[in-house]
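Enquirer: The structure under discussion is supplied below as structure tokens; questions concerning it will follow.
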């Protein structure tokens, strides 16, 4: 079944684009979803199919938007327990444990955060994409901490816009090898696919495919030959903190990809990196929402071990 929405432009400013007009008239749809419908030939402008999102509107133009029935979600809900930090009708913030993959991918067709969310949330299917419903940003499999998921198309659009505009604040805590000489710093190095090992990321020049990546860091606690660091992301590239930390000579403890993986006598599920605090504006009322995710037990145990070692060395 296909639903059809008919509109007619009654007034316009200078050079109003088709996708912007539809976004204004249909706020329950994200701009990217409307652009997709245009490109797929689901929009008629004055009786003719228009596949250009940049088509300029004129007063009196008639628009017909056909919305195909949502593609059935090829995922089955799974009753996986969730540590919920915040939830309302627009969004949910979860404290993700180590070992939990965010969304299905090759080798991880089941048991992901998305499967758990489908079991917990009503009407999540299709928001932001069939295979990644509700997902606004990601955390690596073995990175723990706060991750926000949109429950509505409007919330998804709003939250993604905050990330793009860098108004959402994402703060991490991580334990790194050795001790930086300074107390604060900024790593401004582009990140791209590793030129040899395509499963890894690396600092790659922009002219060779790297993308802008900026990480702010601050020393929280010096622990002998290790350091507890506070990181704040300005951008959100794949493995950004892990790659940047290794680049400056202070890889994340326990990182199986970007560090030596030396055994500290603590059973870490992966890298000692935790998405500690998430700050954003609520999509409906624009009020500031700040959520802090408690450190996992393995992380606190690691800190205790390093602190005891520091005391004994003194």
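The values are calculated or read from the model by the stated rules, or taken from the named source; none is laboratory data. Source: prediction; values computed, not measured. Cβ coordinates were reconstructed from backbone atoms using ideal geometry, including for glycine residues, and neighbour counts include every protein chain displayed.
Enquirer: Filter the stretch 87-118 down to the residues that are modelled with pLDDT of 85 or more and surrounded by fewer than 15 Cβ atoms within 10 Å (Cβ to Cβ) and list them by number.
Expert: Scanning the stretch 87-118 gives 88, 89, 99, 110, 111.
Enquirer: Select from the stretch 201-234 the residues that are in contact with a strand residue (DSSP E or B) (Cβ under 9 Å, 6 or more places away or on another chain) and modelled with pLDDT under 90 and write down the one among them that is nearest to residue 276 (Cα to Cα).
Expert: 211
Enquirer: Residues 114, 102: which one is in contact with a helix residue (DSSP H, G or I) (Cβ under 8 Å, 6 or more places away or on another chain) and without any contact (Cβ under 8 Å) to a residue 60 or more places away in the chain?
Expert: Sole residue among the options that is in contact with a helix residue (DSSP H, G or I) (Cβ under 8 Å, 6 or more places away or on another chain) and without any contact (Cβ under 8 Å) to a residue 60 or more places away in the chain: 102.
Residue-wise test of (1) surrounded by fewer than 17 Cβ atoms within 10 Å (Cβ to Cβ); (2) more than 21 Å from the chain's Cα centre (by Cα).
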{"residue": "182", "(1), (2)": "yes, yes"}
{"residue": "217", "(1), (2)": "no, no"}
{"residue": "240", "(1), (2)": "no, no"}
{"residue": "251", "(1), (2)": "no, yes"}
{"residue": "256", "(1), (2)": "yes, yes"}
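Enquirer: Restricting attention to the stretch 176-207, which residues are over 25 Å from residue 222 (Cα atoms) and not in a loop (DSSP other than H, G, I, E, B)?
Expert: Correct list: 191, 192, 193, 201, 202, 203, 206, 207.
Enquirer: Considering the stretch 99-131 alone, what residues qualify as being over 16 Å from the mean Cα position of the chain (by Cα), closer than 25 Å to residue 270 by Cα and not in a strand (DSSP E or B)?
Expert: Once the filter is applied, which keeps residues that are over 16 Å from the mean Cα position of the chain (by Cα), closer than 25 Å to residue 270 by Cα and not in a strand (DSSP E or B), the stretch 99-131 yields 99, 106, 107, 109, 110, 111, 115, 116.
Enquirer: Out of all the residues in the stretch 287-302, which are free of Cβ contacts under 8 Å to residues at least 24 places away in the same chain and more than 16 Å from residue 86 (Cα to Cα)?
Expert: 297, 300
Enquirer: Given the criteria assigned to a strand (DSSP E or B), under 19 Å from residue 191 (Cβ atoms) and in contact (Cβ under 8 Å) with a residue 24 or more places away in the chain, does residue 230 qualify?
Expert: The answer is no for residue 230.
Enquirer: Something else now. Got a sec? Which of 34, 22, 7 is over 19 Å from residue 156 (Cα atoms), in contact with a helix residue (DSSP H, G or I) (Cβ under 9 Å, 6 or more places away or on another chain) and modelled with pLDDT of 80 or more?
Expert: Residue meeting the stated conditions: 7.
Enquirer: What residue, among those in the stretch 67-78 that are surrounded by 10 or more Cβ atoms within 10 Å (Cβ to Cβ), out of contact with any strand residue (DSSP E or B) (no Cβ under 7 Å at 6 or more places or on another chain) and modelled with pLDDT of 80 or more, is farthest from residue 276 (Cα to Cα)?
Expert: If we take residues in the stretch 67-78 being surrounded by 10 or more Cβ atoms within 10 Å (Cβ to Cβ), out of contact with any strand residue (DSSP E or B) (no Cβ under 7 Å at 6 or more places or on another chain) and modelled with pLDDT of 80 or more, then 75 is farthest from residue 276 (Cα to Cα).
Enquirer: Further question on the same structure: Under 7 Å by Cβ, and 6 or more places apart or on different chains, what pairs join a residue from the stretch 18-32 that is outside any helix (DSSP H, G or I) with one that is surrounded by 19 or more Cβ atoms within 10 Å (Cβ to Cβ) and modelled with pLDDT under 85?
Expert: Here the result reads none, with nothing in the stretch 18-32 linked to a residue that is surrounded by 19 or more Cβ atoms within 10 Å (Cβ to Cβ) and modelled with pLDDT under 85.
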